[in-house]
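Here's the structure we're looking at; comments come further down.
The numbers here are math on the coordinates, done by the rules we state, and not lab data. Owing to the predicted nature of the structure, the values given are computational and were not obtained by experimental measurement. With ideal geometry, Cβ positions are generated from the backbone for all residues, glycine too; neighbour counts draw on all protein chains shown.
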Amino acid sequence: MNTVKHESGQATTEYALVLLAAAIIALLVIAWATNGEGASRIGDMFNQVFDDIMGRAQSLG
């Protein structure tokens, strides 16, 4: 017996969640780049991540 499951709704939900995550990341980056009030913690987090990535890259080269 061959049964087919319809999962088209699941794909739509996953697409919506990916768009939501992208929007949240974009907002965080904008807040970090503009360095507005209340964004200092977000900016500190991005600065730490950036510094860590640059430190690792320099240690490799």
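Packing-based ranking of 41-52, 12-23 yields 41-52, 12-23, ordered from highest to lowest mean Cβ neighbour count within 10 Å.
With both labels modelled 7 Å from their Cα along Cα-to-Cβ, the Y15 to D44 distance reads 4.1 nm.
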